[in-house]
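Heads up: the structure comes next, in structure tokens.
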Amino acid sequence: MLKGFALKPPFFEIGPKSYLFGDEVLELVLAADAAAKKYDVDIIFTTPVVDIRRVAEATERIFVFAPHMDPIRPGRGLADTLPESLAAAGAKGVMLNHCEKPLSLTALAQTIRRADEVGLATIVCTDTTAESAAVAELRPNIIVAEPTELIGTGKTSDLDYVKAAIQAVKQIDPEILVLQGAGISCGEDVYRVIHAGAEATGSSSGVVKAKDRAAMVDEMIGEVRRAWDDRLAGR
């Protein structure tokens, strides 16, 4: 696990995937940067690889993550994504094992080790509670617990799943942060998940498909802050 990673809970992850490109990516991340400052909430922005440098140079409170990388070393590897190149472009971390880019457990272990070597934090997606526990043994920085069948549906995980996934990870390594994702489409969804015990949540389609993306980002990040504060206060 990468040591000294500065991101702290509560936090939020936004991933435009391939819904957006070019200036639309920049517009969205600038809205996210403004919300991060306004509510004092760290935001991971998982940007298309080609936009990493542009996004990193335009923002102050954003942790820029790549959507994938390969466990290669400098040298041969045409069309593979070199870990060193991501770090040089300004990425702070990398997302791994998303359902749209799955990895075997062996490949995942190799890629996490390479990320650690070059100073990139890792956020690893998992489906079941059992998979969350197995991935926790590999010591990534963050685990995204999200049932694959709910991604992009607007339906969120039930609270039993949320609590079971957190417990499964924390029993193995309490330092691993747990993000509860899948189906987050509005501020109410965000509040419910954070208040239930998650350290973070995130959204892709819920943000990029909103009529006013900047307003939706502000709503969601505001609810992260409100839910976290209410939880700490016992409300």
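Short-range pairs are left out: with C-alpha atoms under 8 Å and at least six residues apart, the relative contact order of region 11-232 is 19 percent.
By other beta-carbon atoms within 10 Å, ranking 172, 44 with the fewest at the front produces 172, 44. Within a straight-line Cα-Cα reach of under 23 Å, residue 8 can be paired with the following lysines, leaving aside sequence neighbours fewer than 8 residues apart in one chain: 37, 38, 92, 163, 170.
Each Lys and Arg contributes +1 and each Asp and Glu -1, all at the Cβ; summed about the Cα centre of the chain, the dipole is approximately 300 debye. For region 161-186, the residues whose amide N sits under 18 Å from a probe point set 7 Å from the Cα of residue 130 along the beta carbon direction are 161-162, 164-169, 172. For region 64-90 and region 120-137, what is the separation of their C-alpha centers, rounded to whole Å? For region 64-90 versus region 120-137, the Cα centre distance is 21 Å.
For the chain, a Kirkwood hydrodynamic radius built from all Cα pairs, placed in the Stokes-Einstein relation at 20 °C and 1.002 mPa s, yields a translational diffusion coefficient of 123 µm²/s.
Coordinate-derived values only; no laboratory data. Since the model is a prediction, treat every value here as computed from it, not as a measurement. Cβ sites come from the backbone with ideal geometry, for glycine too, and all protein chains shown count toward neighbours.
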